[in-house]
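Worksheet for the structure shown next.
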Amino acid sequence: MSLVRNVGTIGGLTALSRVFGFARDMLLARVLGAGAAADAFQLAFILPNTFRRLFAEGAFSVAFVPMYSHRLHSEEGEAAANRFANDTLSVFVWVLLGFSALAMLAMPGIVWLLAREYQEVPDKFELSVDLAQITFPYLALVSLVAMLSGLLNAKSRFAPGAFVPVLLNIVLISGLGAGYYIGHTGGSEADIATALAISVPVAGVVQLAYMAWAVRKAGVTLKITRPHFTPEVKRLGMLILPATFGAGIYQISQFVDTFFATSLPQGSLTLLKLADRLNQMPLGIVGIALGTAILPMLARHIQTGDTREAQRLQANAVEMATLLTLPAAVALAICAPAFTTAFFVGGRMTPTDGLIMGQIVMALVAGLPSYVLVKVFQPAFFSRSDTKTPVWIAAGALVINIAINFYVVPRYGIVGLAAATAITSTLNVLTLYTILQMRGWFHFTAKLGGRIARQLVASAVMGAVLWYLVPLMAGRYSGTVLERIWSLSVLVGAGAVTFFAVAWAIGALDKDLIAQLRRRRPAKPVDLSE
């Protein structure tokens, strides 16, 4: 299966998940607004989810998948791979349970470290602690889900892992429905937030049950035994430790952003997270799809010594990343006020909140191509079992991010915080590429550079069209449902038609690469390595 088809499978299902997630946040904005209870829930939801992305989907996956894949394609094959998976599971499950229990006991201190200013608002700190203790068990459940997903990814079965986030959003939407009912029968905002928090670990149980079924359907039988720290498990642990930092700079930045956001006026954390939903649409669909698909494929090329195929694979991934993120970044930056007003304003979310959210989106999407390219470049290190280099790069970027935040947050508030994230993410990806080129692991070719330059031209033309259209329908973004749908459809349609028409005309689209999306077996792989 080609990279393009793998990305299409993962991206399509991730897009479905993002649609459900977007619906969830639209409902959340209207039901809770940007008040104390909304901030408390956002903090409680951030904690297990950031640890999930950092440890389970970040560090664990990039270390586990190449090791499992290597055993799967060795002489022993399935037997060796399953033995390694069972040993890992038997250790991993106890580590997760112990970590989760300790974190729940220490939750008052954790919340104090991240949001000590919440103590100044009556009951806000206590509600944040209660909700965080309710949601945190989700980490253990979804970490096991990530392990099972990585196992299936190594076997080129990407669909179950890409679909499982849909289940989370479906359960959370159900929780919001329960919260809405509670609110209309006399319940407080705290009661609504509690109902939503309870739905988080329930979603984890549903996800784990689904993935266990998918693994069994794939012919893999796993069982938990007495923990054995075999040499392979120890090596996995040694790879996870540095990868925890190197693979998770974006997630670590979330904790930094949370710390600074909670020091700003009430509602700032909620507005930042809702704004990030727009940023996460292309980031999640493209970045997760490319990062997930490229790692096992790149690992196989590296293990067989096929450096030309490794270069071709990464070049194609870079082109696909920029093709989808450059126009998305331009469109989101120009249309941000229209999108945030149309999608989120209503109920308890005020027009002023929507305008602030739009400014946050504009700052965040400046780094959108970098957020995705990080996920393309890091597998080049991880597939060679080099997790140390990204650690140092990530450490430097994080230090710079913190320094910038101390300067911009007091002056520019939540918008400055978002801009600092974009700046340091760009610095991170530029440094990763420089190291890759110096080591001869990947380099930009004239062919790839020319393609990206044409993508920039097409994005600029599209941006000019949107710049003209956005003010023409200013009154409709906050109108009736039909007016909102109609006005946004015009913007999206005009932007998409303009970009792809110009891109096709000037050669920004690789016709062979696009054609692979429609073929079951491409006749010839696209080569941007020359």
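Would you mind checking the range 405-423 for residues with the amide N under 14 Å from a putative spin-label position 7 Å along Cα→C-beta of GLU120? The answer is 410, whose backbone nitrogens lie closer than 14 Å to the label point. Of interest is the spacing of the C-alpha centroids, which for the range 149-228 and the range 74-121 amounts to 16 Å.
Could the peptides 467-475, 260-268 be put in order, highest first, of the mean number of other beta-carbon atoms found within 10 Å of their residues?
Numbers: 467-475: 12.9, 260-268: 19.9.
So the order, starting with the most tightly packed, is 260-268, 467-475.
So for the range 3-518, what are the equivalent ellipsoid semi-axes in whole Å, largest first, each being the square root of 5 times an eigenvalue of the Cα gyration tensor?
Working: eigenvalues 229, 188, 89 Å².
For the range 3-518, the semi-axes come out at 34, 31, 21 Å.
In order along the range 420-426, the phi-based Karplus estimate (6.51 cos²θ - 1.76 cosθ + 1.60, θ = phi - 60°) of 3J(HN,Hα) comes to 4, 4, 5, 5, 6, 5, 5 Hz; Gly and Pro are listed as x. When the charge dipole of the range 3-518 is built from unit charges on Cβ atoms (+1 for Lys and Arg, -1 for Asp and Glu) and taken about the Cα centre, the candidate among ALA23, SER156, LEU113 whose Cα reaches farthest toward its positive end is SER156. For the range 382-480, the gyration tensor built on C-alpha atoms gives an oblate shape. Its axis ratio a/c (a ≥ b ≥ c) is at least 1.5, and a/b is not larger than b/c. For the range 308-405, the square roots a ≥ b ≥ c of the C-alpha gyration tensor eigenvalues yield an a/c of 1.5 or more together with a/b not exceeding b/c, which makes the shape oblate.
Here the extension length gained between LYS217 and HIS184 equals 7.5 nm, from 0.36 nm per residue of separation less the Cα-Cα distance.
Coordinate-derived values only; no laboratory data. Note that this is a predicted model, so its numbers are computed, not measured. In this analysis, Cβ positions are derived from the backbone assuming ideal geometry, glycine residues included, and neighbour counts consider all displayed protein chains.
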